[in-house]
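See below for the structure under consideration.
Every read-out reported here was derived from the displayed coordinates using simple, explicitly stated rules and does not represent laboratory data. The shown structure was predicted, so the numbers you read here are calculated from the model rather than taken from an experiment. Neighbour counts run over all protein chains shown; Cβ positions are idealised from the backbone, glycine included.
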Amino acid sequence: MTLPNMVPVDSSKIKEIGYDAKEEALFVRFKNDNSVWRYWKVILSEFDDLLKAESIGVAHAKLVKNIKKTNRVYEVEDNSGEWIMK
């Protein structure tokens, strides 16, 4: 799996977000540990709401955190640009 195009955001906790429309998946990279999390069954309008939010962190907590199924994704260590879920 490859990550979708990730968009830098102005947030104290979130570094960037991306969206895979085909999979209806939101990807969030956090600043504290550079981890990437995938959130399942996120519709495009929810992603748009995140991008338009005054506070990305507050919107993330309200729209997806602890609501949507999630998995952490890890970069494969062979420099292929591929990612796996665990």
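How much length is gained if the chain between V58 and S45 is pulled fully straight, taking 0.36 nm per residue apart and subtracting their Cα-Cα distance, in nm to one decimal?
So the extension gain works out to 3.0 nm.
Would you grab the residues whose amide H sits under 5 Å from the one on K15? Only those 5+ places off in sequence or on another chain, please, with H modelled 1.01 Å from N.
Placed amide hydrogens put R29, F30, K31 under 5 Å from K15.
Tabulate in residue order the Karplus-calculated ³J(HN,Hα) for the range 52-64, using 6.51 cos²θ - 1.76 cosθ + 1.60 with θ = phi - 60°, rounded to whole Hz; enter x for Gly and Pro.
8, 5, 5, 10, 4, x, 5, 5, 4, 4, 6, 8, 10
Lysines near K15 by alpha-carbon distance under 20 Å, same-chain residues fewer than 8 away left out - which ones?
Once the sequence-local lysines are set aside, what remains near K15 is K31, K52, K62, K65, K68.
Taking the Cα centre of the range 6-85 as the origin, how large is its charge dipole in debye, to the nearest 20, when only Lys and Arg (+1) and Asp and Glu (-1) carry charge on their Cβ atoms?
400 debye
Provide the packing ranking of 48-55, 21-28, i.e. peptides ordered by the mean count of other C-beta atoms within 10 Å per residue, highest first.
Highest to lowest by the protection proxy: 21-28, 48-55.
Starting at the first residue of the range 42-47, write each ³J(HN,Hα) from the Karplus equation 6.51 cos²θ - 1.76 cosθ + 1.60 with θ = phi - 60°, in whole Hz, x for Gly and Pro.
Whole-Hz 3J(HN,Hα) from phi for the range 42-47: 9, 7, 4, 5, 5, 4.
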